[in-house]
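All remarks here apply to the structure that follows.
The values are calculated or read from the model by the stated rules, or taken from the named source; none is laboratory data. Fair warning: this is a prediction, and the values are worked out from it, not measured in the lab. Neighbour counts are summed over all protein chains in view; Cβ atoms, including those assigned to glycine, are modelled from backbone coordinates with ideal geometry.
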Amino acid sequence: MTQILKFIYTLIIFLSLFLVETNSAPKPCVTVKDCPKTVFPIGYKCIKNLCILVI
């Protein structure tokens, strides 16, 4: 039973890291309004025509 729970927790952590990594690729932009919306302390800025994640 504990091995199954450990496997599930490991799978969740692995998948969440994969999703974060695929989401952080810079996207082309012209202004800040072209960048994706995020929650407050984390945000995107348009730097050199790329959306860069800024903390």
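A few comments on the model shown:
- Candidates Leu5, Leu15: the one that is surrounded by fewer than 12 Cβ atoms within 10 Å (Cβ to Cβ) and at pLDDT 80 or above is Leu5.
- Subset of the stretch 21-50 (residues that are loosely packed, with under 10 Cβ neighbours inside 10 Å, at pLDDT below 80 and either among the basic types (Lys, Arg) or not in a loop (DSSP other than H, G, I, E, B) (or both)): Glu21, Thr22
- Pairs meeting the criteria (first residue in the stretch 28-55 and in contact (Cβ under 8 Å) with a residue 24 or more places away in the chain, second residue charged (D, E, K, R) and assigned to a strand (DSSP E or B), beta carbons under 8 Å, at least 6 apart or on different chains) are Leu50/Lys27; Cys51/Lys27; Cys51/Lys45; Ile52/Lys45.
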